[in-house]
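Worksheet: the structure to be examined is printed underneath.
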Ligand code: BG6
């Protein structure tokens, strides 16, 4: 449950993640009354700035397009509970100074209890020293201490193990909350309900009914200005190995013993362990080139000249267990594509020995964003005097069905979970380990560890991806339905 007397410390308070995600999420929670009583937010970063400047930055991504006075009033209240302190990331005195600041806030609490949530919105180079200093200097003796960290968790299996090992010297697994923000998304959280609260779904959920599954991430913009970071990681580490694999694990795991965090995570790990490392032949790489007046990846000044870093990847994963043997799971993601869309597409097998000819396959689509929807492609008789099977949709578009619902931002959901101590939607250490095992061999190949680096296929900015894509998916048995 939520603990009163909590201070949330945001490290990296002047950075992009904090500004764009952490603060707007904290504000969203505050505005709707979800933060604990007597909460206080402390921003911490190297940048020297006064409180006014900090408040300006921290609230710069909070949306209030209609200048709603109620929102403006809440923003003013929110500023009052947010203070800032600058300091280094690698020296004890800075952290002792932070502790003094925390104690002065906590001295006003009615009880002695002092709970602290440390959010590390930081580049990976300082994860370890900050985690260590916080433990040594800022750990509350009279309450709960928790730490939130976010990817990148290393670059391959070994570096991830090293990083986790170092963090574990100061923080227990129970105190650690590793964010994969896809786990906070409404439709991803819905997967458990769709799968385990519907007998109709359960009955068709295996290799006997399902032909293939695609989990697709498409962004209509390139790396614009973020090329320095991106080039070091590439699309597989940026999106597939974490966000899409997390979605896959919830989609395919067995029913957990209960709704408890450890039971859910046990099942996720189990299904991931049944996936062998991805093979080169099951991988298609691409890189966008300039088109329609838009710059190519290599035109980005922050990208090293001649880089062969993939900005698009499609990979096939196979799950060697009784339920899924032989069903290809395609994970694909790309920057600078033709649209913004993240979806799961489960394509069922053909109706065999049917009485109807040339009918489309059933497909269950779960659209994660934009505009959440679940729809099932279903053949229906064309209304009228003749009998023909027409592909139609049973459509659960959230905007229509839940028109009044406010769908929380992923970071709102996750920060609230961390405040409550619920690990269900955070990534456990062994999950990361097995996720890296699946991807490390192809990543080493792409990085040129074992020979020349593979050249990604070029695709025009704003297109559907490399021209080889349709063939790649077609070979796995995917059939385009009549309505595309
Ligand atoms: C981040 C990646 O983890 O996820 C970004 O680093 C990507 O490259 C982003 O754009 C996508 O998140 P969302 O919530 O906008 O789909």
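Quick note: the coordinates plus some simple rules give every number you see, no bench work behind them. Quick caveat: nothing in here was measured; it's all calculated off a predicted structure. Counting neighbours? That spans all protein chains shown, and the Cβs are built from the backbone with ideal geometry, glycine included.
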- prompt: For 432, 164, what ranking results if the residue with the fewest other Cβ atoms within 10 Å of its Cβ goes first?
  reply: 164, 432
- line: Nearest 10, in degrees from 0 to 90: the angle of helix 261-273 to the longest Cα principal axis of the chain is 50 degrees
field: Rg(Cα) / (2.2 N^0.38 Å) computed for the stretch 312-375, rounded to two decimals
entry: 1.40
Nearest 10 degrees, 0 to 90: helix 410-420 Cα axis against the chain principal axis: 50 degrees
query: Hey, how many Å between the Cα centroid of the stretch 23-61 and the Cα centroid of the stretch 432-476?
result: 39 Å
message: Debye calculation, C-alpha points only, no solvent: report log10 I(q)/I(0) for the stretch 235-386 at q = 0.15, 0.20 Å⁻¹, in the same order as the q values.
response: -1.00, -1.33
query: So what's the Cα pair-distance distribution over the stretch 1-136, bin width 10 Å, in %?
result: 12, 43, 35, 9, 1
statement: Diffusion coefficient in µm²/s returned for the stretch 106-211 by Stokes-Einstein, Kirkwood Rh over C-alpha pairs, 4 °C and 1.567 mPa s, is 76 µm²/s
message: Multiplying the sequence separation of residue 393 and residue 318 by 0.36 nm and subtracting their Cα-Cα distance, what value in nm do you get?
response: 24.1 nm
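Hey, what number do you get for the chain at 222 nm if only DSSP H runs of n ≥ 4 count, each worth -39500 (n - 2.57), divided across all residues, to the nearest 500?
On the way: 15 runs with 154 residues, N = 484.
Calculated at 222 nm, the ellipticity per residue is -9500 deg cm²/dmol.
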- prompt: Across the Cα atoms of the chain, what radius of gyration and what greatest pairwise Cα-Cα distance (Dmax) are found, in Å?
  reply: 24.0, 83
- line: For the stretch 27-100, one quarter of the surface area of the C-alpha convex hull, expressed in nm², comes to 5.7 nm²
- prompt: For the chain, what is the relative contact order in percent, using Cα pairs closer than 8 Å and at least 6 residues apart in sequence?
  reply: 17 percent
- prompt: Cα centroid distance between the stretch 391-423 and the stretch 276-297, in Å?
  reply: 31 Å
task: State, to one decimal in nm, how far the label point of residue 260 lies from the label point of residue 378, with both points 7 Å from Cα in the Cβ direction.
output: 3.8 nm
FRET E, pair residue 37, residue 67, Förster distance 35 Å, beta-carbon r, rounded to 0.05: 0.75
Spin-label model distance (nm) - residue 203 vs residue 291, 7 Å beyond Cα toward Cβ: 4.4 nm
statement: By Cβ neighbour count within 10 Å, fewest first, 472, 221 rank 221, 472
query: How far is it, in nm, from the label point at residue 173 to the one at residue 455 when both lie 7 Å from their Cα along the line to the Cβ?
result: 4.6 nm
- request: State the dimensionless ratio Rg/Rh of the stretch 148-287 (Rg: radius of gyration of Cα atoms; Rh: Kirkwood radius).
  value: 0.98
- line: Put in order of increasing Cβ neighbours within 10 Å, starting from the fewest, 394, 187 give 394, 187
query: Going 7 Å from the Cα of residue 194 in the Cα-to-Cβ direction, what parts of the stretch 440-484 have a backbone nitrogen less than 20 Å from that spot?
result: 478-484
message: As I understand it, the value is the acute angle between the Cα axis of helix 186-196 and the longest principal axis of the Cα atoms of the chain; what does it come to in degrees, rounded to 10?
response: 60 degrees
